[in-house]
1. When residues of the stretch 569-587 are filtered for being assigned to a helix (DSSP H, G or I) and in contact with a Phe, Trp or Tyr (Cβ under 6 Å, 6 or more places away or on another chain), how many remain?
2. Within the group Gly103, Gly90, Gly30, which residue is surrounded by fewer than 20 Cβ atoms within 10 Å (Cβ to Cβ) and either in contact (Cβ under 8 Å) with a residue 24 or more places away in the chain or of a type in the set (S, T, N, Q) (or both)?
3. For the stretch 637-656, which residues satisfy the criterion of being more than 16 Å from ligand 2 (Cβ to nearest atom) and either at pLDDT below 95 or crowded, with 20+ Cβ neighbours inside 10 Å (or both)?
4. Hey, which of the helices (runs of 4 or more DSSP H) in the stretch 294-401, taking only ones fully inside, have at least 3 residues that are touching a residue at least 60 places away in the same chain (Cβ under 8 Å) and more than 29 Å from the chain's Cα centre (by Cα)?
5. Quick one: how many residues across the stretch 538-568 are without any contact (Cβ under 8 Å) to a residue 60 or more places away in the chain, in a loop (DSSP other than H, G, I, E, B) and within 26 Å of Ser510 (Cα to Cα)?
6. Quick check on the stretch 339-386: of everything there that is basic (Lys, Arg) and within 19 Å of Lys524 (Cα to Cα), which residue is surrounded by the fewest Cβ atoms within 10 Å (Cβ to Cβ)?
7. Here are the criteria: (1) within 16 Å of ligand 1 (Cβ to nearest atom); (2) under 21 Å from Val532 (Cβ atoms). Tell me which single one Ile660 does not satisfy.
8. Given the conditions (1) touching a residue at least 60 places away in the same chain (Cβ under 8 Å); (2) surrounded by 22 or more Cβ atoms within 10 Å (Cβ to Cβ); (3) away from ligand 1 (no atom under 16 Å from the Cβ); (4) not acidic (Asp, Glu), which single one is not true for Ala584?
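The values are calculated or read from the model by the stated rules, or taken from the named source; none is laboratory data. Predicted model, so just to flag it, every value in this text is computed and none were measured. Cβ sites come from the backbone with ideal geometry, for glycine too, and all protein chains shown count toward neighbours.
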Amino acid sequence: MTTVISSHLGYPRIGENREWKKTLERFWSGKINKDTFLQDIEELRLHHLQKQKDQNIDLIPVGDFSLYDHVLDTSVMFGVIPERFEYSGGPVPLETYFAIARGNQKAVASEMTKWFNTNYHYIVPELGGAEPKITENRPLKFYREAKEKLGISGKPVILGPITYLKLSKGYKPEEFQALLNKFVPLYITILQELEKEGVEWVQIDEPILATSLEAQDIDIFKETYEAFSSSLTDLNILLQTYFEGLDHYQEVVSLPVQGIGIDFIHDEGANWASIKKYGFPKDKVLAAGIIDGRNIWRSNLKEKLEWLQEIVETTRVETLFVQPSSSLLHVPVTVKNESKLSSTLANALSFADEKLEEIALLTKGLCQGASAIENEINESIAAVEAINESISRNVPQVRDAIRNLSGFSSKRNASFKERYKIQLQEFQLPLLPTTTIGSLPQTPEVRKARRAWKSGEWSNEEYDRFVKEQMDEGIKLQEEIGLDVLVHGEFERNDMVEYFGEKLGGFETSSNGWVQSYGSRCVKPPLIYGDVHFIKPITVKESVYAQSLTNKPVKGMLTGPQTILNWSFVRDDIPRHEVAYQIALALRKEVETLEAEGIKMIQVDEPALREGLPLKQNKWEAYLEKAVYAFRLATSSVKDSTQIHTHMCYSEFDDIIDTISALDADVISIEAARSHGEIIRTFEEKVYDKGIGLGVYDIHSPRIPEVKEIEDILKRALQVLDPELFWINPDCGLKTRKKDEVAASLKSMVEAAKKIREQL
Ligand code: GLN
Ligand code: ZN
């Protein structure tokens, strides 16, 4: 008989109504003092734990809650504080903790970057010269709190040492082992203290195991976890992996730990295949992640229960944990407050609380038999069937189009060389044309106007007039500055994905579906629940109006299929790339409409193309091929004289230059200044033979770049890039900047362009 236990890996911090965010921001702005803040936070933390207990979760994670980020928590626990924050030992003050995350008057914040392939950002540990020591046993503290205040014997969660070090910076690869040797004894102390306290299970997260690792990395795992195991007697270690399959499955499940946590959802079937092929050690606990921790769809409980039964039969493990595939940090809190959605859609959703309910039900079904949860099984089947069979998921034109994709060209009529010649004729631009990325400042005035319109206080006419006035001013400013290719300014858009989501068929916006992106910042990804289709023009009115104000070309401005996909919650009943193609076909109609209405340059932004790369390198090619195809599907039906632009930013580009070229856009504008022009080096080795603009100044800073500085950047870039194909632009959109900053910075840019042109 297998013992079955319900558990999970981590709960959202933000609260049902983003209470967490609000408290944090009140504290940061000085509206509440530290005591009130800490009290609010404790209440929230305990409330979340109580909720999980009420949901009948047997083994509840503790210590996963954070005031900002769990990687930062780990750094602080080990006293890994960059020198500039002047930490001198002892418990790390709250002020220092937030300063590392957010910067202060004296020191800049630590870098932040994406947590694996999610949209959650962590604070990158700076290990340069670190002499780690334990500043407090954080997991123990939260274990005790849950036990004393709520009678919960929780499962402390810690980020494992190997993942932690691999995510850190400030050391050379050959220093890895020496650093690890410093951390291992500290981890052992933490674990021994937990053991002494009587903790039964500790969850050590090592998601790095789900990436492509070398054999020698696996040896490091063996040594490290042997060191842990030989220092403990009673404490059980659950080695938790997530986000992908395990390439070194046999070695991983043989590590000297008591339980292995495996993702059965985001592995494309690899883990289940490994279990069927190699089995699973009977003496270990299998923590089976079978409810999707990263997406929001309700499960068919019958299928899940049958799968769990098969897992039990195949492995014959003594103990099985039923759990989500990853932490629930990546999904919103509850569907309960979604009153605006259709009942078919609302019924088909499962956020964090609903997922815990599913976990508890499956556990019950496994222990007592399917009949014990018969009603719930039937409800779940009905809900999933209802949405799958709904017309929204079966739009005939979309189905036909996807079946006949080959009927849509994905190739421009003429080659780039031929087109570009025609376009030069058409636009009569100077050498090194200057342009911007799309958005102009979203001033408080703009945001206020949108709010007034959304709340019904302003009529459509009033709001349209306002947006037009903004465009009048924006176009006038760009002409005064002397830019060559203009933009309409994106004043009508709240967000580059949400705006399209609101206007395309197959999308819905939740009222409260927030997830943490970084720190207190939350995002509300649109829900792509049905077949995506074009309903009516999305951006044409604004683009045409802006173009009517000037003789210079104004770029139409769209968000690309891969970026829309990456920043949304996507239906999972059909492959993701098929959804990307649906979006692409809808955008293709928008592109064609813009062209028909006289717009001659159209930019399709793909800033998220690079970040959507799979964790495993051997899956890159297939992903990139589909992303390229989707982009081309959206953009290739235009005339030779219509110029297609794209834009990308804040990623590493050196390994995807060929992909960028394969998009076959006439011009790409790419961020380069923020990353200190590193990308220029790539072009020393690789030829890029289409139009390209490298960002000449960082738009994150209010600082106005000097003409000379931009000239230097341009000179350097022109050593490796062809002046006939070179464009000049900032790194990214200007929406976060103030108007006067934008005017002054762009003036410097245009001035530098003039100077360099004279020298060519
Ligand atoms: N066109 C968008 C803008 O200018 C692009 C934003 C982005 O790359 N994230 O704001
Ligand atoms: Zn950008």
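1. Number of matching residues: 1.
2. Answer to the selection: Gly90.
3. Hits for the stretch 637-656 are Val638, Thr642, Gln643, Ile644, Asp654, Asp655.
4. Working: elements: 301-315, 343-347, 352-368, 374-389.
Qualifying helices (runs of 4 or more DSSP H): 301-315, 352-368, 374-389.
5. 2
6. Checking each candidate, the answer is Lys340.
7. Just one mismatch for Ile660, condition (2).
8. Of (1) touching a residue at least 60 places away in the same chain (Cβ under 8 Å); (2) surrounded by 22 or more Cβ atoms within 10 Å (Cβ to Cβ); (3) away from ligand 1 (no atom under 16 Å from the Cβ); (4) not acidic (Asp, Glu), only one is false for Ala584: (1).
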